[in-house]
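Notes to accompany the following structure.
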Amino acid sequence: MTADAPPRPRPRRTPLTWIRGGGLSTVVLLLPMLLVFGLFSWWPIARSFVMSLQVTNLVGPAQWVGLDNFQAVLADPMLGTALWNTLYFALLALIFGYPVPLVLAVLMSDLRRGKGLYSTLAYLPVVVPPAVAVLLWKFFYDASPSGVFNTILGWVGLGPVPWLESTTWAMPSLVVEATWAAAGGTVIIYLAALVAVPPELYDAAEIDGAGIWRKVWHVTVPQLRAIMLITLVLQVIGTAQVFLEPFLFTDGGPDNSTTTLLLLVYDYAFGNSLGGDYGKATALSLMLAAGLAVLSAVYFRLTRKWSDS
C-alpha cells in the first residue's frame, strides 16, 4: 500500500493574483451601481437617522435635540388615534382583502376558456393610476341619494349610506377601494403558483368526492402556504403604510377617523406651509419601520416550521 500523498498547499493570494482573477474588473463594473444605490437608497436612510435627532424644517439651521423628537411623538395624543386607525385598516384589509385574491385565482384556474381575458380584467385595476382610481371611487361614494353606489342600493330598498362622511363607514369604504386596486397583482402571483400544483392531487381529491372548497382547503392551501405567508407579510407591511387612500379620500376625516400613521407623518412634515417639523416626521417613520421589522421577524420565526412542513 502506498501512503496518501500530502495535500497541496493552497496558493498564496496576493493583490496581483486578485487582479489577474478578475477582482479589479468586478469592482469597476459594480462601482457605478453601488454609487447610485448608495446615493439614492442608503444616504436617505442615514440622513433620516440624523434628522430624527434634530429639530429642522429644512429652511433654517437644524438644532440637535437627541431623543426629544421620539418623546414628543410618543406624547402626541394623535399617535394613539393614528395607530388604532392603522390597525383597524390592516384588520379590515386582512378580513376582506386577503382571501379575495386567492378565491379569484382558484376560480380562474378552473376555467377552461377565457382564462387570459379574466386574468387581464383582474390585473386591470393595478394598471390604473392610483390617484385616478381614488378620484373615480370618490365619485362613486357620493353620499347623496343620486350617488352611484347609493342608487344601486336604492334599487333594493337600501340606503342612502354616508360613505365617506361617516366615522362608521369611512374606513371600510377605503378598504374596499384599496382591495379592488391591489388584489390583481396578488391574483397573478397565485395563478402562477397554482401552475406548479400537481394535477394528480386534484384528481385524487375529486375521486374521493371532494368539492371545490374541500379541494381548496386540502390541496391548494397546503401547496401554496409559503406563497400565502409571503403575501400576508407584504399585505401587513403595505397596510401599515397606507397613505394615498386616507389622504385623497378624506384627508384623515371625518373627525380623524381615517388618520393613519403615514398621514400623521405627512402632517408633521408638511402640515405647516412655512415648513413642518421634519425631525418628528422622520422619528415616527423610523419607529414605524422598526415596528414592522420586529413584527416581520417574529412572524417568520413563529411560522417557519409551519411553512416548511
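Restricting the stretch 214-225 to residues that are touching a helix residue (DSSP H, G or I) at 6+ places or on another chain (Cβ under 9 Å) and either of a type in the set (D, E, K, R) or open to solvent by 50 Å² or more (accessible area, probe 1.4 Å) (or both), which is farthest from Leu107 (Cα to Cα)?
Arg225
I need every pair where a residue in the stretch 160-182 that is over 13 Å from Tyr141 (Cβ atoms) has its Cβ under 7 Å from the Cβ of a residue that is open to solvent by 50 Å² or more (accessible area, probe 1.4 Å) and part of a loop (DSSP other than H, G, I, E, B), sequence separation at least 6 or different chains.
From residues that are over 13 Å from Tyr141 (Cβ atoms), the pairs are Thr167/Asp255.
Out of all the residues in the stretch 48-77, which are of a type in the set (A, V, I, L, M, F, W, C), part of a helix (DSSP H, G or I) and open to solvent by 50 Å² or more (accessible area, probe 1.4 Å)?
Phe49, Val50, Leu74, Ala75 - these are the residues of the stretch 48-77 that are of a type in the set (A, V, I, L, M, F, W, C), part of a helix (DSSP H, G or I) and open to solvent by 50 Å² or more (accessible area, probe 1.4 Å).
State whether one or more residues within the stretch 169-189 are open to solvent by 20 Å² or more (accessible area, probe 1.4 Å), out of contact with any Lys or Arg (no Cβ under 8 Å at 6 or more places or on another chain), closer than 19 Å to Phe96 by Cβ and not in a helix (DSSP H, G or I).
yes
When the residues of the stretch 103-132 are narrowed to those that are under 20 Å from the mean Cα position of the chain (by Cα) and not in a helix (DSSP H, G or I), which ends up farthest from Leu194 (Cα to Cα)?
Top of the filtered list is Pro129.
Quick one: what pairs do we get from the stretch 275-300, first residue within 18 Å of Thr239 (Cα to Cα), second surrounded by fewer than 19 Cβ atoms within 10 Å (Cβ to Cβ) and of a type in the set (S, T, N, Q), C-beta under 7 Å, 6+ apart or different chains?
Final answer for the pair search is Ser285/Ser48; Leu286/Ser48.
For the subset of the stretch 133-146 comprising residues that are open to solvent by less than 70 Å² (accessible area, probe 1.4 Å) and in a loop (DSSP other than H, G, I, E, B), which member is farthest from Val195 (Cα to Cα)?
Ser144
When you scan the stretch 192-206, how many residues do you find that are surrounded by 16 or more Cβ atoms within 10 Å (Cβ to Cβ) and among the aliphatic types (A, V, I, L, M)?
Final tally of qualifying residues: 3.
Being of a type outside the set (A, V, I, L, M), open to solvent by less than 50 Å² (accessible area, probe 1.4 Å), under 30 Å from Ile212 (Cα atoms) and more than 20 Å from the chain's Cα centre (by Cα): is that true of Gly154 here?
Here the answer is no, as Gly154 does not meet what is asked.
Condition check: surrounded by 13 or more Cβ atoms within 10 Å (Cβ to Cβ), under 26 Å from Ala105 (Cβ atoms) and at pLDDT 85 or above. Does Ser166 satisfy that?
no
Sort through Gly209, Gly252 and tell me the only one that's among the small types (Gly, Ala, Ser) and surrounded by 14 or more Cβ atoms within 10 Å (Cβ to Cβ).
Gly252
Search the stretch 266-281 for residues being part of a helix (DSSP H, G or I) and open to solvent by 20 Å² or more (accessible area, probe 1.4 Å), and hand back the single one that is modelled with the lowest pLDDT.
Applying the filter and picking the extreme gives Phe270.
Pairs only if they're at least six apart or on different chains, beta carbon under 7 angstrom, first in the stretch 106-120 and free of Cβ contacts under 8 Å to residues at least 12 places away in the same chain and surrounded by 12 or more Cβ atoms within 10 Å (Cβ to Cβ), second part of a helix (DSSP H, G or I) and hydrophobic (A, V, I, L, M, F, W, C); list them, first residue then second.
Hits for this filter: Lys115/Met108; Tyr118/Met108.
The values are calculated or read from the model by the stated rules, or taken from the named source; none is laboratory data. What you are looking at is a predicted structure, and each value in this text was computed from that prediction instead of being measured. Glycine also receives a Cβ, built like all others from the backbone with ideal geometry; neighbour counts cover every protein chain displayed. Please note that ligands, DNA and RNA were not included when accessible areas were found on the heavy atoms of the full protein model with its side chains. Shrake-Rupley method; radii C 1.70, N 1.55, O 1.52, S 1.80 Å.
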